[in-house]
Amino acid sequence: MGTLLVITGPTGVGKTELTLRVAEAYGCPIVSADSRQIYREIPIGTAAPTATELERVKHYFVGTKSVREDYNAGMYERDALEVLEKLAGAVSDRDVKTRVPKEVFAILTGGSMLYIDAVCKGFDDIPAVRADVREKVRQDYAEKGLEWLQNEVERLDKAYWETVDRQNPQRLMHCLEVTLSAGEPYSHFRREAQTKRSFGIVKVGLERPREELYERINRRVDAMMEAGLEEEARTVYPLRELNSLQTVGYRELFDYFDGKTTREEAIRLIKQNSRHYAKRQMTWFRADKTIHWLDANMTYEEQMAHISTWLRDAVMQQEQR
């Protein structure tokens with residue numbers, strides 16, 4: 001059957017290097033679960049794997065779509081499962097007790113909560129949105145702005161408000177549209193029971209002390225600006241209304257290009273909004289009791305010892321069922 005190892009955690013925590021080393025140790029590919037790294041035009045602002053990192057380990061779903069293409073978690077679930085089923089099918093059916101590393105057929109990694117859940121739990125069965133409701137919500141947003149939209153989502157669905165990207169009007173409008181169409185909060189339709197997969201799943205979450213994480217995020221934003229984030233954002237600026245570009249790092253720079261703020265303020269807001277996003281990620285991940293938490297400050301050898309133990313325990317539990 002094989003096991004899918006999931007390595008997740010907030011932005012800036014250090015998932016990339018750990019995942020690369022673990023994948024090299026287990027001789028398996030990496031499947032990205034990052035909703036923005038999938039777009040080829042914006043590698044700097046999404047901290048996509050470098051050419052050197054892509055050479056080290058085979059990756060899936062990195063730079064495979066254009067920002068012009070519509071893509072969502074439901075589509076990702078379909079595409080990722082197709083890849084994962086093929087990879088799992090190639091796993092040898094040998095003694096898993098002595099060959100746990102060989103039983104890890106892929107590593108799923110990223111910080112996009114919906115993408116992780118889509119693969120591990122199955123995507124939510126969201127009710128259809130009424131056309132009149134969608135039109136009314138979008139008209140109200142156009143007239144009343146983002147603050148109105150934020151207030152409505154917080155009022156009608158506090159659970160979703162705690163985890164959503166509050167600066168992303170597309171996600172906020174979708175929540176409001178579903179809530180008003182269905183007559184109950186959008187968060188109620190999140191899947192509680194995990195959809196059964198043909199492979200085992202072991203989740204590992206990487207964590208750091210908050211202040212340390214926030215400082216790493218600040219430094220990473222500075223490094224992105226030095227690497228050419230501003231120039232990258234200018235290349236996609238004509239497409240700024242696309243949903244794929246409604247994300248931290250681009251919205252702030254678009255406002256700077258529009259003359260709404262200064263360059264220095266844009267950089268400060270990118271750091272601030274990245275920290276806020278990391279906090280929402282941790283809120284979401286902490287609610288998942290199946291995640292094994294790993295200290296990012298441990299040595300690699302210590303981390304691998306924990307991961308190996310969790311994998312072996314999972315295999316033994318599968319055998320006993």
In Å², rounded to a whole number, the accessible area per residue of the stretch 52-94 with probe 1.4 Å is 60 Å²
Between D132 and Y237, the FRET efficiency computed from the C-beta separation at R0 = 30 Å comes out, to the nearest 0.05, as 0.35
Heavy-atom accessible area of the stretch 165-278 with neighbours in place, 1.4 angstrom probe: carbon+sulfur share in percent works out to 46 percent
Toy charge model, Lys and Arg Cβ at +1, Asp and Glu Cβ at -1: the chain dipole around Cα centroid in debye, rounded to 20, equals 520 debye
From highest to lowest solvent-accessible area (probe 1.4 Å; ligands, DNA and RNA excluded), V221, V129 read V129, V221
For K65, the lysines lying under 16 Å Cα to Cα, once residues fewer than eight places off in the same chain are dropped, come out as none
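If the limit is 27 Å between Cα atoms, which of K136/K279; K15/K121; K158/K260; K15/K279 go over it?
Details: K136/K279 31 Å; K15/K121 21 Å; K158/K260 30 Å; K15/K279 16 Å.
Exceeds cut-off: K136/K279; K158/K260.
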CD proxy, 222 nm, the chain: helix-only mean residue ellipticity via -39,500 (n - 2.57) per DSSP H run with n ≥ 4, per residue, nearest 500, stands at -16000 deg cm²/dmol
The rounded separation in angstrom of the Cα centers of the stretch 228-245 and the stretch 150-210 is 26 Å
The answer for the stretch 212-276, accessible area per residue at 1.4 Å probe in Å², is 50 Å²
Computed on Cα atoms, the radius of gyration and Dmax of the chain in angstrom are 20.2, 63
Checked against the positive end of the charge dipole of the stretch 182-312 (+1 on Cβ of Lys and Arg, -1 on Cβ of Asp and Glu, about the Cα centre), the farthest of A233, G200, F257 is G200
Relative to the compact-globule estimate 2.2 N^0.38 Å (N residues), the Cα gyration radius of the stretch 1-69 stands at a ratio of 1.11
Taking placed amide H atoms and a strict 5 Å upper bound, the residues 5 or more places from I201 or on another chain that come that close are L4
Relative to the chain, whose Cα atoms define the longest principal axis, helix 73-89 and its Cα axis are tilted in degrees, nearest 10, by 10 degrees
Once the in-chain neighbours fewer than 8 apart are removed, the aspartates and glutamates whose Cα is under 15 Å from K86 read E77, E103
Here the net charge surrounding W161, from other residues whose Cβ is less than 12 Å away from its Cβ (Lys, Arg +1; Asp, Glu -1), is 0
Note, the stretch 58-70: 3J(HN,Hα) by Karplus (6.51, -1.76, 1.60, θ = phi - 60°), whole Hz, Gly/Pro = x, goes 5, 10, 10, 6, 10, x, 9, 10, 9, 4, 6, 8, 6
Rounded to the nearest 10 degrees, the helix 146-156 long axis (Cα) sits at an angle to the longest Cα principal axis of the chain of 60 degrees
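The values are calculated or read from the model by the stated rules, or taken from the named source; none is laboratory data. Owing to the predicted nature of the structure, the values given are computational and were not obtained by experimental measurement. Glycine gets a Cβ as well: all are built from the backbone with ideal geometry, and neighbour counts include every protein chain shown. Keep in mind that these areas ignore ligands, DNA and RNA; they rest on the heavy atoms of the full protein, side chains included. Shrake-Rupley method; radii C 1.70, N 1.55, O 1.52, S 1.80 Å.
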